[in-house]
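The values are calculated or read from the model by the stated rules, or taken from the named source; none is laboratory data. Predicted model only: the values in this text are computed from it and were never measured. Reconstructed Cβ throughout: ideal geometry from the backbone, glycine too, with neighbour counts over all protein chains shown. For accessibility, only protein heavy atoms count, side chains too; no ligands or nucleic acids. Shrake-Rupley method; radii C 1.70, N 1.55, O 1.52, S 1.80 Å.
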Amino acid sequence: MAFKIKEWLKKPKNIFLIIQTAAIIALGVILGVVMSRLNSLEERAVAVSAQLHAMEDSVISPENAVSFNDGAMGDVWLSRLTDVPENPYKSELFTFENGIMRYNDEELGISSRVGIDVSYFQGDIDWEKVKASGIEFVMLRIGYRGYESGKLNVDERFTEYIEGAEAAGLHVGVYFFSQAVHPEEALEEARFVAELLEGYKIAYPVVYDWEMIGTSEARTDEVSPEVLNQCCVAFCDYIRQSGYTAMIYANRRTALMKMNMSRLKEYDFWLAEYRDEPSYPYIFTMWQYASDGKIDGIETEVDMNISFIDYAKSGM
């Protein structure tokens with residue numbers, strides 16, 4: 001058999017036949033690989049096309065975006081939250097009377113209330129003069145957590161202020177300055193507040209005020225948005241269960257970039273934005289519009305607020 005193969009290979013036409021057959025086989029293998037690659041590329045092209053179409057549907061544009069100017073990053077665009085009620089207030093209905101902001105919308109039945117918020121920094125306060133100046137409600141700092149120590153503290157003048165404000169006939173709400181780093185601390189703060197409020201008539205909300213400090217000593221600098229939202233829920237749920245109206249306070253930047261308003265929309269919101277009209281795009285029921293107010297009975301500058309709900313009348 002071996003001799004016959006050798007003799008067969010000596011013929012040139014047979015060697016050519018072998019080369020031709022090998023070439024055909026190799027070409028077939030190469031074509032198979034190429035076709036496989038082409039099919040893979042086609043599948044990838046289809047996948048990329050689908051991704052591009054999905055991106056076209058979700059891309060942030062003026063029609064589905066919230067835009068604002070951030071001091072650190074300049075103009076910022078965020079996806080609009082479609083499940084959170086929009087800001088219903090009309091710019092032309094905001095007015096100033098004797099340096100006090102007011103808002104009246106007969107169509108929606110909104111007649112704002114005038115308020116201030118104070119802490120021990122305001123010093124001595126003549127509450128009768130405050131009342132006579134046209135102020136209708138006051139938000140008192142009930143306490144705070146140290147941003148370095150983490151210790152809970154009662155505002156040094158809370159008892160004095162709440163007794164004076166109530167005696168003057170002002171409606172009272174309170175806020176707690178939180179520096180909680182996890183929801184267990186926020187719950188601790190809520191219990192602390194509820195105990196301090198026993199025996200007082202609280203007509204306005206009880207507010208969770210968590211703020212960024214931005215110093216190397218601040219224990220809250222590394223708190224994630226998810227943890228912050230858990231803290232808001234823990235505090236507000238306990239306050240609500242204690243029979244009070246729960247509210248969250250934040251400036252526009254924190255509310256838009258740190259808080260999940262889709263998750264927190266069931267609680268009332270107190271906006272801090274120092275402007276003649278608010279640019280915050282979502283619903284809020286109280287607005288801190290200035291930090292340099294001048295009110296008779298208070299020697300220092302004071303934060304100015306309006307409430308779009310008469311909490312005392314509504315019994316909320």
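Listed values, structure above:
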{"quantity": "Charge sum, other residues only, whose C-beta stays under 11 Å from Thr215's C-beta, Lys/Arg counted +1 and Asp/Glu -1", "calculated": "-2"}
{"quantity": "Linear extension gain, Ser242 paired with Leu93, 0.36 nm per residue minus alpha-carbon span", "calculated": "50.1 nm"}
{"quantity": "Solvent-accessible area per residue, Å², over segment 77-116 with all protein chains present [probe radius 1.4 Å]", "calculated": "62"}
{"quantity": "Surface accessible to a 1.4 Å probe, per residue, for the residues of segment 149-300, Å²", "calculated": "42"}
{"quantity": "Inter-probe distance in nm under a simple model that places probes 7 Å from Cα toward Cβ, at Met73 and Asp221", "calculated": "2.0"}
{"quantity": "Table column - 3J(HN,Hα) (Hz), segment 140-145, Karplus curve with 6.51, -1.76, 1.60, x for Gly and Pro", "calculated": "9, 6, 7, x, 7, 9"}
{"quantity": "Anchor Lys90: aspartates and glutamates whose Cα lies under 17 Å away (excluding residues fewer than 8 positions away in-chain)", "calculated": "Asp105, Glu106, Glu107, Glu273, Asp276, Glu277"}
{"quantity": "Vicinal HN-Hα couplings computed from phi for segment 155-168 (Karplus, 6.51 cos²θ - 1.76 cosθ + 1.60; Hz; Gly/Pro x)", "calculated": "4, 4, 10, 4, 4, 4, 5, 5, 5, x, 5, 5, 5, 7"}
{"quantity": "Difference of contour (0.36 nm per residue) and Cα-Cα distance, Met257 to Lys313", "calculated": "16.8 nm"}
{"quantity": "Accessible-area composition of segment 182-316, carbon plus sulfur, in percent [1.4 Å probe]", "calculated": "44"}
{"quantity": "Cross-link table Lys131/Lys294; Lys129/Lys313; Lys265/Lys313; Lys131/Lys258; Lys201/Lys313; Lys129/Lys201, entries beyond 25 Å C-alpha to C-alpha", "calculated": "Lys131/Lys258"}
{"quantity": "Charge tally in the Cβ shell below 12 Å around Glu136, where Lys, Arg are +1 and Asp, Glu are -1, Glu136 excluded", "calculated": "+3"}
{"quantity": "Distance between modelled label sites at Asp296 and Ser111, nm, 7 Å Cα→Cβ extension", "calculated": "2.3"}
{"quantity": "Loop trypsin sites (Lys or Arg not before Pro), segment 93-193 (other Cβ atoms within 10 Å of the site Cβ: 11 or fewer; DSSP)", "calculated": "Lys151"}
